[in-house]
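The values are calculated or read from the model by the stated rules, or taken from the named source; none is laboratory data. This structure is a prediction, so every number in the text was calculated from the model and none was measured. Because the Cβ atoms are built from the backbone with ideal geometry, glycine has one as well, and the counts that use them run over all protein chains shown.
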Amino acid sequence: MRVSIFGTGYVGLVTGACFAEVGNDVVCVDVDATKIEALNRGEIPIFEPGLEAMVMRNREAGRLQFTTDADQAVGHGEFQFIAVGTPPEEDGSADLRHVLAVADSIAASMDEARIIVDKSTVPVGTADRVRETVERRLHTRGVAVPYSVVSNPEFLKEGAAIDDFMKPERVIVGCDDARAREKLHALYAPFNRNHDRLISMDVRSAELTKYAANAMLATKISFMNELANIADRVGADIERVRIGIGADPRIGYHFIYPGAGYGGSCFPKDVQALARTAHDVDYVPQLLQAVEEVNDRQKHYLFNRIREHYHGDLTGRRFALWGLSFKPNTDDMREAASRRLMESLWEAGASVQAFDPKAMDEVRRLYGDRAGLTLCDSPDATLEGCDALVIMTEWNQFRSPDFDLIRTRLNEPVIFDGRNLYDPAVLAGLGFHYYAIGRPP
Ligand code: UGA
(Lines give C-alpha, C1' and ligand atoms only; values in the text may rest on other atoms or scores of the structure.)
Protein backbone atom coordinates (compact mmCIF):
# COMPACT_ATOMS: atom_id res chain seq x y z
CA MET A 1 0.00 0.00 0.00
CA ARG A 2 1.09 3.57 -0.54
CA VAL A 3 1.43 5.69 2.58
CA SER A 4 2.42 9.33 3.06
CA ILE A 5 3.40 10.74 6.41
CA PHE A 6 3.54 14.43 7.26
CA GLY A 7 6.02 15.19 10.03
CA THR A 8 9.30 13.37 10.62
CA GLY A 9 9.37 13.81 14.39
CA TYR A 10 9.24 10.94 16.80
CA VAL A 11 5.86 9.59 15.81
CA GLY A 12 6.11 10.28 12.07
CA LEU A 13 9.51 8.72 11.67
CA VAL A 14 8.71 5.58 13.65
CA THR A 15 5.35 5.19 11.87
CA GLY A 16 6.95 5.65 8.45
CA ALA A 17 9.78 3.21 9.13
CA CYS A 18 7.47 0.55 10.56
CA PHE A 19 4.95 0.75 7.71
CA ALA A 20 7.83 0.42 5.24
CA GLU A 21 9.27 -2.48 7.22
CA VAL A 22 6.20 -4.62 6.49
CA GLY A 23 6.37 -3.87 2.76
CA ASN A 24 4.44 -0.65 2.20
CA ASP A 25 5.72 2.11 -0.02
CA VAL A 26 6.19 5.14 2.26
CA VAL A 27 6.95 8.81 1.63
CA CYS A 28 7.76 10.96 4.67
CA VAL A 29 7.49 14.70 4.23
CA ASP A 30 8.64 17.57 6.42
CA VAL A 31 8.89 21.34 5.94
CA ASP A 32 12.32 21.30 7.61
CA ALA A 33 14.72 20.94 4.65
CA THR A 34 17.78 20.46 6.88
CA LYS A 35 16.11 17.53 8.59
CA ILE A 36 15.09 15.95 5.29
CA GLU A 37 18.62 16.38 3.89
CA ALA A 38 20.02 14.73 7.01
CA LEU A 39 17.54 11.85 6.75
CA ASN A 40 18.48 11.41 3.12
CA ARG A 41 22.11 11.09 4.21
CA GLY A 42 20.97 8.40 6.67
CA GLU A 43 21.24 10.60 9.77
CA ILE A 44 18.46 10.08 12.30
CA PRO A 45 17.68 13.17 14.39
CA ILE A 46 16.66 11.26 17.53
CA PHE A 47 18.03 8.34 19.45
CA GLU A 48 15.60 5.46 19.46
CA PRO A 49 16.72 1.83 19.73
CA GLY A 50 16.41 0.03 16.37
CA LEU A 51 15.18 3.05 14.42
CA GLU A 52 18.34 3.90 12.54
CA ALA A 53 18.83 0.38 11.22
CA MET A 54 15.18 0.14 10.22
CA VAL A 55 15.28 3.47 8.36
CA MET A 56 18.49 2.49 6.53
CA ARG A 57 17.20 -0.93 5.59
CA ASN A 58 13.97 0.40 4.14
CA ARG A 59 15.59 3.34 2.37
CA GLU A 60 17.97 0.98 0.67
CA ALA A 61 15.07 -1.28 -0.30
CA GLY A 62 13.41 1.78 -1.89
CA ARG A 63 10.35 1.56 0.35
CA LEU A 64 11.03 4.69 2.39
CA GLN A 65 11.65 8.14 0.97
CA PHE A 66 12.09 11.54 2.56
CA THR A 67 11.07 14.76 0.87
CA THR A 68 10.03 18.37 1.47
CA ASP A 69 7.64 18.17 -1.46
CA ALA A 70 4.12 18.04 -0.01
CA ASP A 71 2.50 17.69 -3.44
CA GLN A 72 4.56 14.60 -4.14
CA ALA A 73 3.41 13.11 -0.84
CA VAL A 74 -0.24 13.96 -1.52
CA GLY A 75 0.05 12.37 -4.96
CA HIS A 76 1.73 9.29 -3.51
CA GLY A 77 -0.30 7.91 -0.65
CA GLU A 78 -3.79 6.60 -0.44
CA PHE A 79 -3.22 7.14 3.28
CA GLN A 80 -2.16 10.62 4.36
CA PHE A 81 -0.96 10.52 7.95
CA ILE A 82 -0.72 13.74 9.92
CA ALA A 83 2.05 13.30 12.49
CA VAL A 84 3.18 16.85 13.13
CA GLY A 85 3.68 18.46 16.55
CA THR A 86 0.94 19.95 18.70
CA PRO A 87 2.95 22.13 21.11
CA PRO A 88 1.18 23.56 24.14
CA GLU A 89 -0.14 27.12 24.00
CA GLU A 90 0.28 29.34 27.02
CA ASP A 91 -3.06 28.25 28.49
CA GLY A 92 -2.17 24.54 28.12
CA SER A 93 -4.31 23.92 25.04
CA ALA A 94 -2.74 22.18 22.04
CA ASP A 95 -1.63 24.41 19.16
CA LEU A 96 -3.24 22.95 16.04
CA ARG A 97 -1.64 25.27 13.52
CA HIS A 98 0.67 22.62 12.07
CA VAL A 99 -2.06 19.96 11.92
CA LEU A 100 -4.44 22.27 10.07
CA ALA A 101 -1.70 23.55 7.77
CA VAL A 102 -1.03 19.95 6.72
CA ALA A 103 -4.76 19.31 6.22
CA ASP A 104 -4.85 22.38 4.00
CA SER A 105 -1.87 21.31 1.94
CA ILE A 106 -3.33 17.83 1.44
CA ALA A 107 -6.57 19.38 0.16
CA ALA A 108 -4.62 21.85 -1.99
CA SER A 109 -3.37 19.16 -4.32
CA MET A 110 -5.37 15.96 -3.82
CA ASP A 111 -7.19 14.76 -6.88
CA GLU A 112 -7.94 11.15 -5.98
CA ALA A 113 -9.67 9.54 -2.99
CA ARG A 114 -7.62 9.97 0.18
CA ILE A 115 -7.80 8.74 3.75
CA ILE A 116 -6.52 11.46 6.04
CA VAL A 117 -5.36 10.04 9.35
CA ASP A 118 -4.73 12.10 12.49
CA LYS A 119 -1.88 10.46 14.34
CA SER A 120 -0.76 13.54 16.25
CA THR A 121 -2.19 13.85 19.75
CA VAL A 122 -5.02 16.27 19.15
CA PRO A 123 -7.92 17.52 21.25
CA VAL A 124 -11.40 16.15 20.81
CA GLY A 125 -13.04 17.79 17.83
CA THR A 126 -9.85 18.14 15.77
CA ALA A 127 -10.98 15.68 13.10
CA ASP A 128 -13.95 17.98 12.52
CA ARG A 129 -11.62 20.93 12.13
CA VAL A 130 -9.43 18.95 9.74
CA ARG A 131 -12.54 18.12 7.73
CA GLU A 132 -13.61 21.79 7.67
CA THR A 133 -10.15 22.83 6.52
CA VAL A 134 -10.16 20.25 3.73
CA GLU A 135 -13.71 21.21 2.70
CA ARG A 136 -12.81 24.89 2.54
CA ARG A 137 -9.78 24.27 0.34
CA LEU A 138 -11.61 21.88 -2.00
CA HIS A 139 -14.39 24.43 -2.29
CA THR A 140 -11.90 27.17 -3.24
CA ARG A 141 -10.40 24.85 -5.82
CA GLY A 142 -13.88 24.13 -7.10
CA VAL A 143 -13.34 20.37 -7.04
CA ALA A 144 -14.99 17.46 -5.25
CA VAL A 145 -12.65 14.66 -4.22
CA PRO A 146 -13.81 11.85 -1.91
CA TYR A 147 -11.92 11.59 1.36
CA SER A 148 -12.28 10.40 4.96
CA VAL A 149 -10.81 11.76 8.16
CA VAL A 150 -9.76 9.13 10.70
CA SER A 151 -8.38 9.43 14.22
CA ASN A 152 -5.64 6.88 14.85
CA PRO A 153 -3.76 8.06 17.94
CA GLU A 154 -0.30 6.76 18.74
CA PHE A 155 0.65 4.93 21.94
CA LEU A 156 4.42 4.65 21.45
CA LYS A 157 6.76 4.83 24.39
CA GLU A 158 10.06 6.52 23.71
CA GLY A 159 12.88 4.04 24.03
CA ALA A 160 10.58 1.17 23.01
CA ALA A 161 8.82 2.83 20.08
CA ILE A 162 9.71 0.29 17.39
CA ASP A 163 8.54 -2.61 19.50
CA ASP A 164 5.38 -0.77 20.48
CA PHE A 165 4.57 -0.11 16.84
CA MET A 166 5.46 -3.56 15.52
CA LYS A 167 3.66 -5.38 18.35
CA PRO A 168 0.90 -3.03 19.46
CA GLU A 169 -1.36 -3.85 22.38
CA ARG A 170 -4.11 -2.05 20.50
CA VAL A 171 -4.65 0.08 17.44
CA ILE A 172 -7.40 2.63 17.96
CA VAL A 173 -9.28 3.61 14.84
CA GLY A 174 -11.83 6.37 15.19
CA CYS A 175 -13.83 6.53 12.04
CA ASP A 176 -17.35 7.29 10.97
CA ASP A 177 -17.05 5.56 7.61
CA ALA A 178 -16.92 1.82 6.96
CA ARG A 179 -14.78 1.93 3.82
CA ALA A 180 -11.97 3.85 5.52
CA ARG A 181 -12.17 1.52 8.53
CA GLU A 182 -11.67 -1.50 6.26
CA LYS A 183 -8.68 0.15 4.59
CA LEU A 184 -7.08 0.92 7.96
CA HIS A 185 -7.75 -2.65 8.99
CA ALA A 186 -5.85 -3.89 5.94
CA LEU A 187 -2.98 -1.48 6.55
CA TYR A 188 -2.58 -2.66 10.14
CA ALA A 189 -3.13 -6.37 9.38
CA PRO A 190 0.61 -7.21 9.53
CA PHE A 191 0.75 -5.90 13.11
CA ASN A 192 -2.14 -8.01 14.39
CA ARG A 193 -0.46 -10.80 16.32
CA ASN A 194 -2.53 -13.63 17.79
CA HIS A 195 -5.76 -11.72 17.63
CA ASP A 196 -7.20 -8.60 16.10
CA ARG A 197 -5.70 -5.59 17.85
CA LEU A 198 -7.87 -3.07 16.11
CA ILE A 199 -10.44 -1.29 18.24
CA SER A 200 -12.92 0.73 16.22
CA MET A 201 -14.96 3.56 17.58
CA ASP A 202 -16.33 6.95 16.66
CA VAL A 203 -13.86 9.74 15.98
CA ARG A 204 -14.41 11.74 19.18
CA SER A 205 -14.05 8.71 21.44
CA ALA A 206 -10.77 7.82 19.69
CA GLU A 207 -9.47 11.33 20.21
CA LEU A 208 -10.40 11.22 23.89
CA THR A 209 -8.95 7.71 24.33
CA LYS A 210 -5.46 9.03 23.68
CA TYR A 211 -5.73 11.68 26.39
CA ALA A 212 -7.50 9.30 28.75
CA ALA A 213 -4.65 6.78 28.49
CA ASN A 214 -1.91 9.30 29.21
CA ALA A 215 -3.89 11.03 31.94
CA MET A 216 -4.57 7.70 33.65
CA LEU A 217 -0.87 6.78 33.57
CA ALA A 218 0.13 10.22 34.85
CA THR A 219 -2.46 9.85 37.61
CA LYS A 220 -0.94 6.56 38.72
CA ILE A 221 2.47 8.19 39.00
CA SER A 222 1.24 11.26 40.86
CA PHE A 223 -0.75 9.01 43.17
CA MET A 224 2.40 7.06 44.03
CA ASN A 225 4.42 10.22 44.47
CA GLU A 226 1.78 11.55 46.83
CA LEU A 227 1.88 8.32 48.81
CA ALA A 228 5.69 8.51 48.91
CA ASN A 229 5.38 11.90 50.55
CA ILE A 230 2.96 10.49 53.09
CA ALA A 231 5.26 7.48 53.65
CA ASP A 232 8.11 9.86 54.46
CA ARG A 233 6.08 11.52 57.13
CA VAL A 234 4.70 8.39 58.77
CA GLY A 235 7.95 6.41 58.64
CA ALA A 236 6.76 3.84 56.06
CA ASP A 237 8.68 2.53 53.04
CA ILE A 238 6.94 3.29 49.73
CA GLU A 239 8.79 0.45 47.98
CA ARG A 240 7.17 -2.08 50.31
CA VAL A 241 3.83 -0.38 49.83
CA ARG A 242 4.33 -0.54 46.04
CA ILE A 243 4.99 -4.27 46.15
CA GLY A 244 2.06 -4.72 48.51
CA ILE A 245 -0.52 -2.95 46.39
CA GLY A 246 0.78 -4.11 42.98
CA ALA A 247 0.00 -7.72 43.90
CA ASP A 248 -3.67 -6.90 43.50
CA PRO A 249 -4.26 -7.43 39.77
CA ARG A 250 -6.83 -4.65 39.81
CA ILE A 251 -3.94 -2.31 40.66
CA GLY A 252 -1.00 -4.13 39.01
CA TYR A 253 2.72 -3.49 39.10
CA HIS A 254 2.97 -1.27 36.04
CA PHE A 255 3.49 2.44 36.34
CA ILE A 256 3.41 2.68 40.11
CA TYR A 257 7.03 3.68 40.57
CA PRO A 258 7.45 6.83 42.63
CA GLY A 259 10.23 9.09 41.42
CA ALA A 260 11.43 12.58 40.75
CA GLY A 261 8.27 13.48 38.81
CA TYR A 262 7.14 12.48 35.33
CA GLY A 263 8.55 14.34 32.34
CA GLY A 264 8.73 13.93 28.58
CA SER A 265 6.86 15.42 25.70
CA CYS A 266 3.55 13.72 26.46
CA PHE A 267 2.30 13.47 30.03
CA PRO A 268 2.83 17.10 31.11
CA LYS A 269 1.43 18.44 27.83
CA ASP A 270 -1.47 15.99 27.55
CA VAL A 271 -2.67 16.33 31.15
CA GLN A 272 -2.72 20.11 30.68
CA ALA A 273 -4.45 19.90 27.30
CA LEU A 274 -7.16 17.58 28.65
CA ALA A 275 -7.71 19.91 31.61
CA ARG A 276 -8.01 22.78 29.14
CA THR A 277 -10.56 20.86 27.08
CA ALA A 278 -12.57 20.22 30.25
CA HIS A 279 -12.50 23.92 31.19
CA ASP A 280 -13.61 24.81 27.69
CA VAL A 281 -16.76 22.76 28.18
CA ASP A 282 -17.34 24.25 31.65
CA TYR A 283 -16.13 21.31 33.67
CA VAL A 284 -13.58 21.75 36.45
CA PRO A 285 -11.18 18.78 36.17
CA GLN A 286 -10.17 18.58 39.83
CA LEU A 287 -8.32 15.31 39.61
CA LEU A 288 -6.31 16.31 36.53
CA GLN A 289 -5.35 19.60 38.16
CA ALA A 290 -4.15 17.73 41.23
CA VAL A 291 -2.17 15.25 39.10
CA GLU A 292 -0.29 18.14 37.60
CA GLU A 293 0.23 19.99 40.89
CA VAL A 294 1.55 16.87 42.62
CA ASN A 295 3.97 16.32 39.73
CA ASP A 296 5.15 19.87 39.86
CA ARG A 297 5.82 19.58 43.58
CA GLN A 298 7.56 16.25 43.07
CA LYS A 299 10.07 17.83 40.73
CA HIS A 300 11.30 19.81 43.78
CA TYR A 301 11.46 16.79 46.08
CA LEU A 302 15.14 15.96 45.65
CA PHE A 303 16.21 19.57 45.71
CA ASN A 304 14.40 20.01 49.03
CA ARG A 305 16.11 16.92 50.48
CA ILE A 306 19.47 18.21 49.29
CA ARG A 307 18.88 21.64 50.77
CA GLU A 308 17.79 20.14 54.10
CA HIS A 309 20.88 17.94 54.23
CA TYR A 310 23.11 20.99 53.88
CA HIS A 311 21.02 23.04 56.34
CA GLY A 312 19.73 25.42 53.69
CA ASP A 313 23.09 26.56 52.33
CA LEU A 314 24.25 25.17 49.00
CA THR A 315 26.68 27.92 48.06
CA GLY A 316 29.82 26.46 46.53
CA ARG A 317 28.56 22.87 46.79
CA ARG A 318 29.25 20.58 43.87
CA PHE A 319 27.04 17.65 42.83
CA ALA A 320 27.63 14.65 40.59
CA LEU A 321 24.54 13.97 38.48
CA TRP A 322 23.82 10.61 36.86
CA GLY A 323 21.14 10.63 34.19
CA LEU A 324 19.67 13.69 32.49
CA SER A 325 17.09 12.44 29.97
CA PHE A 326 13.47 12.28 31.17
CA LYS A 327 13.70 8.49 31.24
CA PRO A 328 16.20 5.80 30.13
CA ASN A 329 16.84 4.76 26.50
CA THR A 330 16.16 8.17 25.04
CA ASP A 331 18.09 11.40 24.57
CA ASP A 332 14.91 13.41 25.11
CA MET A 333 15.28 16.20 27.67
CA ARG A 334 11.79 17.65 27.32
CA GLU A 335 10.32 18.39 30.79
CA ALA A 336 13.04 16.20 32.33
CA ALA A 337 13.13 16.39 36.13
CA SER A 338 16.91 16.83 35.89
CA ARG A 339 16.42 20.28 34.35
CA ARG A 340 14.36 21.60 37.24
CA LEU A 341 16.90 20.15 39.69
CA MET A 342 19.95 21.63 37.93
CA GLU A 343 18.27 25.02 37.62
CA SER A 344 17.40 25.02 41.34
CA LEU A 345 20.93 23.98 42.27
CA TRP A 346 22.46 26.73 40.14
CA GLU A 347 20.10 29.29 41.59
CA ALA A 348 21.21 28.22 45.08
CA GLY A 349 24.88 28.75 44.15
CA ALA A 350 25.81 25.08 43.62
CA SER A 351 27.41 23.48 40.57
CA VAL A 352 26.88 20.20 38.74
CA GLN A 353 29.11 17.59 37.06
CA ALA A 354 26.84 15.47 34.93
CA PHE A 355 26.81 12.34 32.80
CA ASP A 356 24.11 10.76 30.66
CA PRO A 357 24.64 7.84 28.25
CA LYS A 358 22.69 9.50 25.40
CA ALA A 359 21.48 13.00 26.23
CA MET A 360 24.81 14.89 26.39
CA ASP A 361 24.42 16.55 22.97
CA GLU A 362 20.91 17.59 23.82
CA VAL A 363 22.09 19.06 27.15
CA ARG A 364 24.86 20.94 25.33
CA ARG A 365 22.28 22.32 22.93
CA LEU A 366 20.06 23.42 25.82
CA TYR A 367 22.62 24.85 28.23
CA GLY A 368 25.73 25.43 26.12
CA ASP A 369 28.73 26.02 28.35
CA ARG A 370 26.69 27.43 31.17
CA ALA A 371 28.65 28.28 34.31
CA GLY A 372 27.96 25.66 36.96
CA LEU A 373 27.64 22.77 34.51
CA THR A 374 30.46 20.39 33.60
CA LEU A 375 29.64 17.49 31.31
CA CYS A 376 31.75 14.40 31.99
CA ASP A 377 32.36 11.43 29.73
CA SER A 378 31.70 8.72 32.31
CA PRO A 379 29.72 8.28 35.53
CA ASP A 380 32.96 7.86 37.50
CA ALA A 381 34.40 11.12 36.16
CA THR A 382 31.45 13.09 37.56
CA LEU A 383 32.31 12.12 41.13
CA GLU A 384 35.69 13.87 41.43
CA GLY A 385 35.54 16.67 43.98
CA CYS A 386 31.78 16.46 44.46
CA ASP A 387 29.91 16.66 47.76
CA ALA A 388 27.25 14.10 46.80
CA LEU A 389 25.90 11.95 44.00
CA VAL A 390 22.39 12.58 42.65
CA ILE A 391 20.59 10.03 40.45
CA MET A 392 17.94 11.38 38.13
CA THR A 393 17.39 8.70 35.43
CA GLU A 394 17.35 4.94 35.96
CA TRP A 395 19.70 3.93 33.12
CA ASN A 396 20.68 0.27 33.58
CA GLN A 397 24.35 1.11 33.89
CA PHE A 398 23.64 2.96 37.18
CA ARG A 399 21.93 0.00 38.82
CA SER A 400 24.98 -1.76 40.19
CA PRO A 401 27.81 0.74 40.52
CA ASP A 402 31.12 0.37 42.35
CA PHE A 403 30.06 1.84 45.68
CA ASP A 404 33.62 1.74 47.09
CA LEU A 405 34.77 3.93 44.23
CA ILE A 406 31.85 6.31 44.76
CA ARG A 407 32.69 6.57 48.46
CA THR A 408 36.37 7.33 47.86
CA ARG A 409 35.80 9.82 45.07
CA LEU A 410 33.07 11.89 46.75
CA ASN A 411 34.00 14.41 49.44
CA GLU A 412 31.40 12.72 51.64
CA PRO A 413 29.49 9.46 51.09
CA VAL A 414 26.08 10.94 50.28
CA ILE A 415 23.64 9.76 47.58
CA PHE A 416 20.32 11.37 46.65
CA ASP A 417 18.42 8.87 44.51
CA GLY A 418 15.43 10.12 42.50
CA ARG A 419 14.64 6.64 41.15
CA ASN A 420 14.92 4.33 44.18
CA LEU A 421 17.60 2.15 42.60
CA TYR A 422 19.36 0.85 45.70
CA ASP A 423 18.60 -0.94 48.94
CA PRO A 424 18.78 1.55 51.82
CA ALA A 425 19.99 -1.12 54.26
CA VAL A 426 22.88 -2.11 51.97
CA LEU A 427 23.89 1.50 51.43
CA ALA A 428 23.73 2.24 55.16
CA GLY A 429 25.97 -0.80 55.68
CA LEU A 430 28.47 0.65 53.21
CA GLY A 431 28.55 3.87 55.20
CA PHE A 432 26.43 6.04 52.90
CA HIS A 433 23.90 8.68 53.78
CA TYR A 434 21.29 7.47 51.31
CA TYR A 435 18.24 9.51 50.48
CA ALA A 436 15.58 7.90 48.27
CA ILE A 437 11.98 8.78 47.47
CA GLY A 438 9.52 7.81 50.20
CA ARG A 439 11.93 5.45 51.96
CA PRO A 440 13.23 5.77 55.49
CA PRO A 441 17.03 6.14 55.67
C1 UGA B 1 4.02 8.09 27.21
C2 UGA B 1 3.07 6.88 27.29
O3 UGA B 1 3.61 5.89 28.18
C4 UGA B 1 2.87 6.27 25.91
O5 UGA B 1 1.93 5.22 25.99
C6 UGA B 1 2.35 7.36 24.98
O7 UGA B 1 2.15 6.89 23.66
C8 UGA B 1 3.34 8.51 24.93
O9 UGA B 1 3.50 9.03 26.26
C10 UGA B 1 2.80 9.55 24.00
O11 UGA B 1 1.75 10.14 24.29
O12 UGA B 1 3.36 9.76 22.93
P13 UGA B 1 6.70 8.41 27.11
O14 UGA B 1 6.42 9.87 27.27
O15 UGA B 1 7.64 7.94 26.07
O16 UGA B 1 5.31 7.63 26.80
O17 UGA B 1 7.25 7.90 28.48
P18 UGA B 1 6.81 6.95 29.70
O19 UGA B 1 7.57 5.70 29.66
O20 UGA B 1 5.35 6.87 29.78
O21 UGA B 1 7.35 7.81 30.95
C22 UGA B 1 6.88 9.12 31.22
C23 UGA B 1 7.44 9.64 32.52
O24 UGA B 1 6.85 8.97 33.62
C25 UGA B 1 8.95 9.47 32.69
O26 UGA B 1 9.50 10.67 33.19
C27 UGA B 1 9.07 8.35 33.69
O28 UGA B 1 10.24 8.43 34.46
C29 UGA B 1 7.85 8.58 34.54
N30 UGA B 1 7.38 7.37 35.26
C31 UGA B 1 6.91 6.30 34.56
C32 UGA B 1 7.39 7.34 36.65
O33 UGA B 1 7.82 8.31 37.31
N34 UGA B 1 6.91 6.23 37.29
C35 UGA B 1 6.43 5.16 36.63
O36 UGA B 1 6.00 4.17 37.29
C37 UGA B 1 6.44 5.19 35.22
_Return the pair list, or none, for Cβ contacts closer than 8 Å from residues in the stretch 180-192 that are more than 12 Å from residue 19 (Cβ to Cβ) to residues that are of a type in the set (A, V, I, L, M, F, W, C) and part of a helix (DSSP H, G or I), at least 6 apart or on different chains._
none
*Looking only at the stretch 19-50, which residues are under 29 Å from residue 186 (Cβ atoms) and not aliphatic (A, V, I, L, M)?*
19, 21, 23, 24, 25, 28, 30, 48, 49, 50
*Only one of these conditions is not met by residue 400: (1) within 23 Å of residue 46 (Cβ to Cβ); (2) free of Cβ contacts under 8 Å to residues at least 24 places away in the same chain; (3) of a type in the set (Ser, Thr, Tyr). Which number is it?*
(1)
*asked:* Residues that are away from the ligand (no atom under 15 Å from the Cβ), assigned by TED's automatic domain parsing to the domain that holds residue 387, buried (at least 21 other Cβ atoms within 10 Å of the Cβ) and touching a residue at least 24 places away in the same chain (Cβ under 8 Å): does the stretch 287-305 have at least one?
replied: yes
*Determine which single condition residue 247 fails, assuming it passes every other condition in (1) without any contact (Cβ under 8 Å) to a residue 12 or more places away in the chain; (2) buried (at least 21 other Cβ atoms within 10 Å of the Cβ); (3) among the small types (Gly, Ala, Ser).*
(2)
_Among the residues of the stretch 39-53, are any at pLDDT 95 or above, part of a loop (DSSP other than H, G, I, E, B) and more than 16 Å from the ligand (Cβ to nearest atom)?_
no
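For the stretch 160-177, enumerate the residues that are free of Cβ contacts under 8 Å to residues at least 60 places away in the same chain and part of a loop (DSSP other than H, G, I, E, B). Break it down stepwise before answering.
Looking only at the stretch 160-177, we keep the residues that are free of Cβ contacts under 8 Å to residues at least 60 places away in the same chain, and these are 164, 167-177.
Within the stretch 160-177, 167, 168, 169, 170, 175, 176, 177 qualify.
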*asked:* Please go through the stretch 70-102 and give me each residue that is without any contact (Cβ under 8 Å) to a residue 40 or more places away in the chain and part of a helix (DSSP H, G or I), ordered by number.
replied: 71, 75, 97, 99, 100, 101
*Which of the residues spanning the stretch 251-266 are near the ligand (Cβ under 6 Å from one of its atoms), free of Cβ contacts under 8 Å to residues at least 40 places away in the same chain and not aliphatic (A, V, I, L, M)?*
255
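Return the only residue of 213, 228, 180 being under 26 Å from the mean Cα position of the chain (by Cα), buried (at least 18 other Cβ atoms within 10 Å of the Cβ), of a type outside the set (Lys, Arg) and in a helix (DSSP H, G or I). Walk me through it before giving the result.
Values: 213 fails: buried (at least 18 other Cβ atoms within 10 Å of the Cβ); 180 fails: under 26 Å from the mean Cα position of the chain (by Cα).
Criteria check complete, one pass: 228.
Of everything in the stretch 1-47, what is of a type in the set (Asp, Glu) and crowded, with 23+ Cβ neighbours inside 10 Å? Give them in sequence order. Outline the logic, then answer.
Pass one, the stretch 1-47, residues of a type in the set (Asp, Glu): 21, 25, 30, 32, 37, 43.
Hit for the stretch 1-47 is 30, nothing else.
When you check residue 238 against the structure, is it buried (at least 18 other Cβ atoms within 10 Å of the Cβ), more than 24 Å from residue 75 (Cα to Cα) and within 14 Å of the ligand (Cβ to nearest atom), yes or no? Spell out the reasoning first.
Details: buried (at least 18 other Cβ atoms within 10 Å of the Cβ): yes; more than 24 Å from residue 75 (Cα to Cα): yes; within 14 Å of the ligand (Cβ to nearest atom): yes.
Taking the combined requirement at face value, the residue satisfies it.
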